[in-house]
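*Asks:* Dumping the structure here so I can ask a few things about it.
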Amino acid sequence: MLDQHLLSIILFAPFVGAIVLIFVSGERLTLVRTIAAVSSFVSFAASAYLLYAFDYGRGGFQFLEQYEWSKDLGISFFLGVDGVAVPLVLASSVLLFAGIFVSWRIVDRAREFYIFLLILASATIGVYVSLDLFFLYFFYEMSVLPMYPLLGVWGSHTKGYLEMKDTAKRDSLAFIFNFASNSKEYAAMKLTLFLSAGAVVALLGILLTYVGTGLHTFNLLELQGHEQQFTPFLRSAIWLLLFFGFASIAPLWPMHSWSPVGHAAAPAAVSMLHAGVLMKLGHFSIIRVGYWLFPQTTKEWAFLIAILCVFSIIYGGLVAFFQRDTKYVIGYSSSSHMGYIFLGMAALNMISMTGAVLYMFAHALATGMLFAMAGFVYDQTHTRDIPSLGGLGRIMPFIMGAFVIGVMASVGLPGTVNFIGELMILSGSWEQYPVQTVIAVVGIVITLAYLMRMFMGLFLGEMDPKWAHVRDASPIIDRLPLLIMIFGSLYFGLFPTQFIHVISSGVQPILEQIHSAGAVAAAGGGG
Amino acid sequence: MMQETFAAQQIGFSLLTLVTFLPLAGAVLIWAIRDTGWAWRIGLGVAAADFLLSLPLFFMFTLDSAAMQFVERYPWIPSLGISYHIGVDGISMLFVVLTSMLGLLIVVYSQGVVTERVRGYLMALFALQTTMLGVFVSLDLVLFFLFWELMLIPSYFMIRLWGGEGREYASIKYVLYTLLGSVLMLVGIVILYLQHYHFASAHNISPALSFDLMDLLRTPMALNVQIVVFVFLFFGFAFKTPLVPFHTWMPDVLLAGPIAMSVILAGIKLGTFGFVRFSLPLAPDASRELLPILMVLGLIGILYGAYIALMQADLRKLLAYSSISHLGYVALGIFALTYQGIQGGLIQMINLGITTAGLFFFAGFLWNRRQTLTIAEFGGLAKGMPLLATFFLIIIFSSIGLPGTNGFIGEFLILFGAFKAHWVYGAVGVLGVILGAAYLLWFYEQAVFGKVTKPANEGLRDLGARELAVALPLVALIFWIGVYPSPFLHRINGSVEALHARLNRTSTMAAGLQPGAAGAIAPPVPAAYEEPR
């Protein structure tokens, strides 16, 4: 019985929490935080249950719930998960739960903050569980919009912006091209406009699909298998619209420039959700819509993904190396790692795609950790500027230790679940894209280089006396989110089997469709 | 398939897992207990226990056998073919014992030297010890890679937090260089995995997906694939060895890092071990094809290292280049692909673990007295410190390869093996011996012989009890192996024989399982890797 409504519980718990918060007075901080924590915990617990309750032997879409919404338009509120969605739902709820605690110290309009945060997380989960294209798009947009107030109100400016004395000049139009010196309002604006534009492009693809199949339904399961109804030109056009529309949130180079800016300005919990799950909406939607509805076209255009992913990996990595701002480093690092997921998606075989989805989950935890810590340091020091910091390791040993694990995870050191994902992506992609695979491994070294630079710059060396008052993450409130993410990274790094089984069961039908036209199937047989 | 003797049969319990993870358990215990005094006691106890536990591996080892012994195997991630599979054979067993012995000596040495952040130091040391032991015993390539990569973290902290001048640069350089090599090695591992998958699928062999060394050894590969695999694996091992021109991190790290790190890096030969354990058996035909290039790299290492060592003014840098030179010897022996060459290379790796470690310990002794290792600062040390002078000389003789010491055994076998491959290799190698003698004896003459030129060198106390405790076992082993190498050679011979046989087959393409050998892994075949053809 629980199983019948499991997805509704996961999806609506945070949303219900947000509604309840509307009626609570903003003065009662403890109550506000408790409601947020409880509603996110419900979602988290239910998602963990989902991971183990999912029947990977059976595969397919499970935990289906369908309610008709508009008969005329063929829209139904249709929920369901397959092996690909389950890890992402769990990632969303974990990051939301951790994010509640990371944001615990916010006092300025905390109630509104949590309302928007809960809506944001709810919406991302909504995308992952929607099997109706209308609602997928609905939740997709809904996850973008809360970012605007979250960044604009509770965000922070970059150091460069704060140091610019000439306020008329710094807020002028010309200065929007000064990338490292942005106000939080600018970041909020840029992010929202970019992502909305991308969503609209994807919407165009969705509408063309709706019209072209003539079935008058947005139901993904019913729309499947009708690829041949479209002319080759139209098929490619739709696929490219969907791909570039969704990939802008990924963020695939060259549509990535909103992301580091957005990461930097956002409060910690928002960055965690942004890098952890919001960006994955792009990859996921490409698989859920593009791969699922247009398998042959996907096979034709996979090479494009393989070409573009390299730019993400290398560009993101090299730019990260020269950043002075903690969140810019992590932000560019995140966009670099998204390239790995695209590589796995491009190779179109069982191991590479299973690895790509596993890596999505793994990266969510790793980047969540790093942003949580960057946020903690910011809360203590009120700066994100690495050269101003230094020597913090002596007074923040716990954070330093957690940071080491975060670096381990980001680099994909064995022992973390990121390694398993990475290993699978590399194994799956080598034969099809050897050049990209070698570039990807070199990217690992670049990743370590800039993360080590940041680590050394923050924690080692001489400490400026003005940081002497800074405290470590000693209270359980501060430690809990980090411990959850560390545990997830290491536990699943040593015992990834459940994930691998679940994800493979979801990837298999997709690949079957893609390779079914008599073409040679690449490495399969996993799981 | 290679025979495996399981630990349950051989000794009745999981000895190897215990030996490998005991240091890590010690690290956790030290972390939990805040008292520094207790940290030293626990450290000493754990290191001693680990060494004593590794002794049965030596004494209960079946002689002249190529089989994997003390094997333990548990499934880990079956869907990807990754298992917890460990064991030792002639190639690895001596390294395990050596590593645990050096671990103990380092703790003994450090107790008189390290005073800051003792708990962290011991934790890093023990974490490093577990990862190194793990590298030696792993028979699953992902497990091996896990330990190999995890070495980076404690290494970085050891150099960065307990090193001397230049440690910031040295630590990050070491980590980045090694990681670059490792990730390229990972590509090689992936290619092996895929090769096995294709072969196993085509011949209906189960399991199709496997990272297990035993399975991969039975997978025939065409020469060009072997060359690709060899090249990728090469990077991982070449950076670690280090082979010239991938050696540039080593002088920096040996200069800037703490003595413990120098002992470990110079004494425990993970890079060359990797070549012998993985590169040669998995890509035998490629190894033969690339032999001339590899031998030349070895010779360059010998000559370049010796030549640069001759010009050094600082003892640690001299020893660093000396180390590079000696590793050139090991490479020369191994890549000759002859029986004596491989045998000599292996025994020399053990010898270096004793000798070079000893040299660095003595460098540490000098540093503790004078806070400098500039050779010109010394002179006439023999007068006031006869014990130190004597032991130092013995170790130097071993490094040069004087008959009666372990160095002679290794060097002789290597040169003989190299000669067999081609006389030119042997001839050039001999030149290196002369240069080796030159720089070490020159150093000794400058620093230890003659009159006391600097007043600071007068009145230095001779070796203390702790220092003797470190020096005596090393010297004892120098003579034991030098005079009576038989027990050591008999333990490595079986595996060397098998490896040599594998390297000298005419082709691997037709070898391996016949089509139709469906179902489970084939029953064990005695001794050699495969049926002779």
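The values are calculated or read from the model by the stated rules, or taken from the named source; none is laboratory data. If you're wondering where the values come from, they're calculated on a predicted model, not measured in any experiment. So basically every Cβ, Gly included, is an ideal-geometry build from the backbone, and we count neighbours across all protein chains shown.
*Asks:* Within the range A:350-370, is there a residue that is touching a Ser or Thr at 6+ places or on another chain (Cβ under 6 Å), over 26 Å from A:T124 (Cβ atoms) and either part of a helix (DSSP H, G or I) or among the small types (G, A, S) (or both)?
*Replies:* yes
*Asks:* Check off (1) touching a helix residue (DSSP H, G or I) at 6+ places or on another chain (Cβ under 8 Å); (2) more than 11 Å from chain B (Cβ to nearest Cβ); (3) closer than 25 Å to A:L273 by Cα for A:W467 and give me the number that stays unchecked.
*Replies:* Failed condition: (3).
*Asks:* So in the range B:124-134, with the set limited to residues that are of a type outside the set (S, T, Y) and crowded, with 23+ Cβ neighbours inside 10 Å, which one is nearest to the other protein chains (Cβ to nearest Cβ)?
*Replies:* The qualifying residue nearest to the other protein chains (Cβ to nearest Cβ) is B:A124.
*Asks:* Something else now. So, restricting to helices (runs of 4 or more DSSP H) that lie completely within the range A:226-281, which ones have at least 1 residues that are of a type in the set (S, T, Y) and touching a Pro at 6+ places or on another chain (Cβ under 6 Å)?
*Replies:* A:258-265
*Asks:* Shifting gears a bit: Which one of these is farther than 30 Å from B:S110 by Cα and either of a type in the set (A, V, I, L, M, F, W, C) or buried (at least 21 other Cβ atoms within 10 Å of the Cβ) (or both): B:Y439, B:Y425?
*Replies:* The unique qualifying residue is B:Y425.
*Asks:* With the structure loaded, tell me whether B:T390 is without any contact (Cβ under 8 Å) to a residue 12 or more places away in the chain and not in a loop (DSSP other than H, G, I, E, B) or whether it fails that test.
*Replies:* So B:T390 fits the description; yes.
*Asks:* One residue is enough: does the range A:459-474 have a residue meeting the conditions under 21 Å from the mean Cα position of the chain (by Cα) and in contact (Cβ under 8 Å) with a residue 60 or more places away in the chain?
*Replies:* No, the range A:459-474 contains no residue that is under 21 Å from the mean Cα position of the chain (by Cα) and in contact (Cβ under 8 Å) with a residue 60 or more places away in the chain.
*Asks:* Just for the range B:485-533: of the residues that are more than 22 Å from the chain's Cα centre (by Cα) and at pLDDT 50 or above, which one is surrounded by the most Cβ atoms within 10 Å (Cβ to Cβ)?
*Replies:* Filtering the range B:485-533 for residues that are more than 22 Å from the chain's Cα centre (by Cα) and at pLDDT 50 or above, the one surrounded by the most Cβ atoms within 10 Å (Cβ to Cβ) comes out as B:R502.
*Asks:* Right, another one. If you take the residues of the range B:26-78 that are under 21 Å from the mean Cα position of the chain (by Cα) and without any contact (Cβ under 8 Å) to a residue 12 or more places away in the chain, which of them is nearest to the other protein chains (Cβ to nearest Cβ)?
*Replies:* B:L52
*Asks:* Do we have B:F13 as surrounded by fewer than 16 Cβ atoms within 10 Å (Cβ to Cβ) and of a type in the set (A, V, I, L, M, F, W, C) here?
*Replies:* yes
*Asks:* Would you pick out the residues in the range B:164-178 that are more than 17 Å from A:M408 (Cβ to Cβ) and crowded, with 20+ Cβ neighbours inside 10 Å?
*Replies:* B:R167, B:A170, B:Y177
*Asks:* With (1) assigned to a helix (DSSP H, G or I); (2) in contact with a helix residue (DSSP H, G or I) (Cβ under 8 Å, 6 or more places away or on another chain) as the list, and B:L337 as the residue in question, which single condition is left unmet?
*Replies:* Going through the list (1) assigned to a helix (DSSP H, G or I); (2) in contact with a helix residue (DSSP H, G or I) (Cβ under 8 Å, 6 or more places away or on another chain), B:L337 breaks only (1).
*Asks:* I'm trying to understand the selection: among the residues of the range B:149-191, which are of a type in the set (S, T, N, Q) and either over 14 Å from B:G257 (Cα atoms) or facing chain A (nearest Cβ under 7 Å) (or both)?
*Replies:* If the condition is that a residue be of a type in the set (S, T, N, Q) and either over 14 Å from B:G257 (Cα atoms) or facing chain A (nearest Cβ under 7 Å) (or both), then B:T178, B:S182 are the ones that fit.
*Asks:* A further question follows. Going through B:A376, B:A418 one at a time, which residue ends up being in a helix (DSSP H, G or I), in contact (Cβ under 8 Å) with a residue 24 or more places away in the chain and surrounded by 24 or more Cβ atoms within 10 Å (Cβ to Cβ)?
*Replies:* Unique residue meeting the criteria: B:A418.
*Asks:* Another one. Given (1) touching a Phe, Trp or Tyr at 6+ places or on another chain (Cβ under 7 Å); (2) over 17 Å from B:Y156 (Cα atoms); (3) facing chain B (nearest Cβ under 7 Å), identify the lone condition not met by A:P414.
*Replies:* Unmet for A:P414, out of (1) touching a Phe, Trp or Tyr at 6+ places or on another chain (Cβ under 7 Å); (2) over 17 Å from B:Y156 (Cα atoms); (3) facing chain B (nearest Cβ under 7 Å): (2).
*Asks:* With the structure loaded, tell me whether A:F179 is within 30 Å of A:S285 (Cα to Cα) and at pLDDT below 90 or whether it fails that test.
*Replies:* Against the criterion (within 30 Å of A:S285 (Cα to Cα) and at pLDDT below 90), A:F179 qualifies.
*Asks:* In the range B:135-148, what residues are more than 10 Å from every other protein chain (Cβ to nearest Cβ) and within 19 Å of B:F239 (Cα to Cα)?
*Replies:* Across the range B:135-148, the qualifying residues are B:V135, B:F136, B:L141.
*Asks:* Continuing with the same structure: Being at pLDDT below 95 and surrounded by fewer than 17 Cβ atoms within 10 Å (Cβ to Cβ) narrows it down to one residue among A:I510, A:I514, A:I477; which is it?
*Replies:* It is A:I477.
*Asks:* Quickly run through the range B:218-232 and pick out the residues that are within 17 Å of B:P292 (Cα to Cα) and in contact with a strand residue (DSSP E or B) (Cβ under 9 Å, 6 or more places away or on another chain).
*Replies:* If the condition is that a residue be within 17 Å of B:P292 (Cα to Cα) and in contact with a strand residue (DSSP E or B) (Cβ under 9 Å, 6 or more places away or on another chain), then no residue fits.
*Asks:* Related question: Would it be correct to say that A:M424 is at the interface with chain B (Cβ under 10 Å from one of its Cβ atoms) and under 15 Å from A:L358 (Cβ atoms)?
*Replies:* Spelling it out, A:M424 is indeed at the interface with chain B (Cβ under 10 Å from one of its Cβ atoms) and under 15 Å from A:L358 (Cβ atoms).
*Asks:* If you check B:L352 against the conditions, is it touching a His at 6+ places or on another chain (Cβ under 7 Å) and not β-branched (V, I, T)?
*Replies:* yes
*Asks:* Which of the following residues is more than 18 Å from the chain's Cα centre (by Cα), within 30 Å of A:N182 (Cβ to Cβ), surrounded by 23 or more Cβ atoms within 10 Å (Cβ to Cβ) and within 13 Å of chain B (Cβ to nearest Cβ): A:T437, A:T447?
*Replies:* A:T447
*Asks:* Here's another thing I want to ask about it. Tally the residues that are surrounded by 24 or more Cβ atoms within 10 Å (Cβ to Cβ) and within 11 Å of chain B (Cβ to nearest Cβ), restricting the search to the range A:391-410.
*Replies:* 1
*Asks:* Return yes or no: is A:I420 among the hydrophobic types (A, V, I, L, M, F, W, C) and touching a strand residue (DSSP E or B) at 6+ places or on another chain (Cβ under 8 Å)?
*Replies:* yes
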